[in-house]
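So the structure is just underneath, and the comments pick up after that.
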Amino acid sequence: MSKIVGYQIGKLDIPLKRPFITSIRTSQNLRGLLCRVELDSGVFGLGESAENVKLTGENRDEMYRFMKDFFDEHLNEEIEDTLLSLQGFTNHVAARYGMEAAILDALAKMDGMEISDELSLSLPTRRLENDTTVSVLDSKQTILETKRILKKGYHHIKYKVVAGKDEVERIIQLENLIPDDVAIRIDPNQSWTYQETLDAIKEFDKSTLQIEFIEQPVKVLMYDAMKKISLKTTIPIIADESIFSLENAKRVITYGYGTAINIKLIKCGGPLEAIEIATFAQRHGVDCLFGCTTEANVALTMAAYLSAGLSNVKYIDLDGLRLYC
C-alpha cells in the first residue's frame, strides 16, 4: 500500500483572449488551483480545480484552505483511505474534483496503468466532436464570431443567451449563415421562463437551424416546467445546474425533468461520482453531455478520458482551452 507523503497547491491565473459572458457571470480570466500529490513510491498525480463562484459558491481562497487542511490531516495515510475520506464530503465540490483527480492519477501511475484502465473505462473508437461557445453578444458581434468559428471548421456551436425576444431573433438571424451540417446548441443558463422557452422552440422549429439541444432553460427548481417542456418538443432538453450529484441525477431521470443530463466534474466533485451518474443514466437510457467550466488542460484531459470511456456520453462541451489559447 502507498501513502501520500507530500502535496503542492499552486494558483492558476490565465487571462482570457475575450470576455466569457453568460446570463449568470462575466469572466475576464481563468482562476483555479493546480494540485500535485506525491506518494512514498516517488510517483505523483496532478489535478486541477477551477473557481466558478456563481456555480458552486466556492471562491479560490476557500478552495485552497480546504485542500490544505485535508491533505495536512491525511498525510502518511494509506492512499485508498485518503480517497475514501475525500469522498465522504458532500460539499467543497470545486476543490474536491481536482484533489480526487490528482489522487486517481497517482494511483494509476503507481499501478502502471492508464487512468482509463484505473477507472475501468472502455476506450471506444467512436468519434466525439467538441463544440465551442459564443458568449452573450449583440447581433453584429454574434455574426462576426460565428463567421470566425465556422472558418475554424467547427460543426457544433453553443450560444449563450439571456431572456428576451431579441435574443431568439439574434440566433434566428444566423440561419442563412450556418450550413446544414453545423448543429447549434442553446444555453440560457436558467434565464428563460416556461413560456419564453416554448416561444423560442416555436421560432426555432420554423427556422432551418439544426438545434441539437437546449440546456437548462428555466430555474433549477422549476422541475415541472422542465418536464412539460421536454414533453412538448423533440429538441432534447438538458438538465445542467439542477444536477450536482448522483441523487440529483436520479431525481431528474426518474421523473423526466429533462431528456438528457449535463455532467461536469466541478459540479459532482470528481471522476468517481461522474462515472456513477453516467452509469445510472445509461441504465435508464438517458444520454449525457459532458461539460466544463473555464478550465485548463489538466482538468479537461480528465474530462476527455471520461467522455471517451462512458458510452452514453453523446455530446461534449469541453472548450475551456479555446477561451484563452
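The values are calculated or read from the model by the stated rules, or taken from the named source; none is laboratory data. Model, not experiment: these values are computed from the prediction. FYI the Cβ positions are ideal-geometry reconstructions off the backbone, even for glycines, and counts take in every protein chain you see. When the accessible area is computed, the model is the full protein with side chains, heavy atoms only, and any ligands, DNA or RNA have been set aside. Shrake-Rupley method; radii C 1.70, N 1.55, O 1.52, S 1.80 Å.
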In region 67-114, which residue that is open to solvent by less than 20 Å² (accessible area, probe 1.4 Å) and among the β-branched types (Val, Ile, Thr) is farthest from Ile4 (Cα to Cα)? Val93
From Gly285, Gly270, Gly320, which residue is open to solvent by less than 10 Å² (accessible area, probe 1.4 Å), out of contact with any Leu (no Cβ under 6 Å at 6 or more places or on another chain) and over 20 Å from Ile201 (Cβ atoms)? Gly270
The helices (runs of 4 or more DSSP H) lying entirely within region 103-174 that contain at least 1 residues which are more than 25 Å from the chain's Cα centre (by Cα) are 139-151, 165-172
May I ask you to list the residues in region 8-28 that are open to solvent by 60 Å² or more (accessible area, probe 1.4 Å) and touching a strand residue (DSSP E or B) at 6+ places or on another chain (Cβ under 7 Å)? Gln8, Lys11, Asp13, Pro15, Thr26, Gln28
Of the conditions (1) surrounded by fewer than 19 Cβ atoms within 10 Å (Cβ to Cβ); (2) within 25 Å of Ile277 (Cβ to Cβ), Ala239 satisfies every one except a single condition; which number is it? (1)
Check off (1) part of a loop (DSSP other than H, G, I, E, B); (2) without any contact (Cβ under 8 Å) to a residue 40 or more places away in the chain; (3) open to solvent by 30 Å² or more (accessible area, probe 1.4 Å); (4) within 30 Å of Leu33 (Cβ to Cβ) for Thr279 and give me the number that stays unchecked. (1)
Consider Arg185 carefully, then state whether it is at negative phi, surrounded by 16 or more Cβ atoms within 10 Å (Cβ to Cβ) and basic (Lys, Arg). yes
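Go through Gly309, Gly258 for me and flag whichever is surrounded by fewer than 24 Cβ atoms within 10 Å (Cβ to Cβ), touching a residue at least 12 places away in the same chain (Cβ under 8 Å) and small (Gly, Ala, Ser).
Working: Gly258 fails: surrounded by fewer than 24 Cβ atoms within 10 Å (Cβ to Cβ).
Exactly one of Gly309, Gly258 is surrounded by fewer than 24 Cβ atoms within 10 Å (Cβ to Cβ), touching a residue at least 12 places away in the same chain (Cβ under 8 Å) and small (Gly, Ala, Ser), namely Gly309.
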Kindly provide the set of residues from region 175-204 that are under 19 Å from Lys227 (Cβ atoms) and free of Cβ contacts under 8 Å to residues at least 60 places away in the same chain, ordered by number. Ile186, Trp192, Thr193, Tyr194, Gln195, Glu196, Thr197, Leu198, Asp199, Ala200, Ile201, Lys202
